[in-house]
Amino acid sequence: MHSLVIFASGTGTNTRAIIDHFKKTGIAKVSLIVSNKADAGVLNIAIQEEIPFLVIDRKTIHETLLIDQLQSYQPSLIILAGFLWQLPASIIHSFLGRIINIHPALLPHFGGKGMYGDRVHTAVLASGRPESGITIHFVNENYDEGQIILQAHCEVLENDTVLSLAQRIHHLEHFYFPQVIEFLLSA
């Protein structure tokens, strides 16, 4: 069975979708959840599912002890699911080609530092673009610039609000992210 490590900063809806998907398939399990927020909702999921978790800060994310802890779980993939910090090069190089991220827009547009969540949807709506979507990509040392694995599109409707667009984006994320992870594990 494959081991997955998830880094998340928020409520954990993508983490929940991943856990539920792999409970059904049995080919992987989430072995560890890492968060930079002690009050993140994703930690409630970790507790409910009896998954070990770590809360890190700006200092510990750069320590070799964190890499050692991550390696002890022997992750097939490290998954960034709404994790808002850039990973240090030491982590990226220790798990090269095994770290993926999901972004709530069609990269290369609306990506980069500070572009997450509702900020992305606000920018998409302000741009007048006819579509948005998600991008699942490998992580490199630059925000949202890693090799794209998959993009899924949705129409931006004339009467869309940030909330209505975000709901359609979440639907895409929850549907495609677990499937892409499964595909990468079987490749």
Carbon and sulfur %, accessible surface of segment 21-129 computed with the full protein complex present, 1.4 Å: 52
Choice from Arg119, Arg58, Arg98 showing the highest fluctuation, given a GNM over the chain with Cα pairs closer than 10 Å: Arg58
Assigned charges on the beta-carbon of Lys, Arg, Asp, Glu; the chain dipole about Cα centre (debye): 200
Where segment 82-187 is the region considered: accessible area per residue in Å², 1.4 Å probe: 51
Debye log10 I(q)/I(0) at q = 0.16, 0.23 Å⁻¹ for segment 16-89, Cα point scatterers: -0.60, -1.24
Options Ile91, His153, Leu77, ranked by Cα towards positive dipole end of segment 70-157, top entry (Cβ charges): Ile91
Heavy-atom accessible area ranking, 1.4 Å probe, most first, across Glu145, Glu158: Glu158, Glu145
Most fluctuating residue given options Leu66, Leu77, Leu165, as computed from a GNM of the chain linking Cα atoms under 10 Å: Leu66
Spatially close lysines, pair count over segment 1-151: Cα under 29 Å, gap of eight or more or interchain: 7
Per-residue [θ]222 nm for the chain (sum of -39500 (n - 2.57) over DSSP H runs n ≥ 4, rounded to 500): -12000 deg cm²/dmol
Positive dipole terminus of segment 45-145, leading residue within Thr64, Tyr116, Ser127 (C-beta point charges): Ser127
Full-stretch length increase - Leu96, Arg119 - with 0.36 nm per residue and alpha-carbon distance subtracted: 5.4 nm
Antiparallel DSSP beta bridges within the chain, percent to nearest 5: 40
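The values are calculated or read from the model by the stated rules, or taken from the named source; none is laboratory data. These numbers were taken from a predicted model, which means no experiment stands behind them. Reconstructed Cβ throughout: ideal geometry from the backbone, glycine too, with neighbour counts over all protein chains shown. Accessible surface areas use protein heavy atoms only, side chains included; no ligands, DNA or RNA. Shrake-Rupley method; radii C 1.70, N 1.55, O 1.52, S 1.80 Å.
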